[in-house]
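Heads up, the thing below is written out as structure tokens.
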Amino acid sequence: MEYMIAAYLVVWLAAFAFIFSMVRRQSSLQREIDALKEQLRDREAHRSR
């Protein structure tokens, strides 16, 4: 019975680690997208002058 509890604990810890990793990646990608949008806005503003 102890092994089953340990296995469930390992699975839950792995799931939380995976989710945490995905959240961090998503926020990193969102920051990069925002920076690229800003660069695009700057280029478009520069062209219209």
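The values are calculated or read from the model by the stated rules, or taken from the named source; none is laboratory data. Remember, it's a predicted structure, so these values are computed and weren't measured experimentally. A quick note on method: Cβ atoms are made from the backbone with ideal geometry, for glycine too, and the neighbour counts reach across all protein chains shown.
Filtering segment 1-31 to residues that are of a type in the set (D, E, K, R), surrounded by 10 or more Cβ atoms within 10 Å (Cβ to Cβ) and more than 20 Å from the chain's Cα centre (by Cα) leaves nothing. Among the residues of segment 16-49, write down those that are at pLDDT below 95 and hydrophobic (A, V, I, L, M, F, W, C). Hit for segment 16-49 is 45, nothing else. Does residue 7 fit the bill of being modelled with pLDDT under 95 and of a type in the set (Gly, Ala, Ser)? Here the answer is no, as residue 7 does not meet what is asked.
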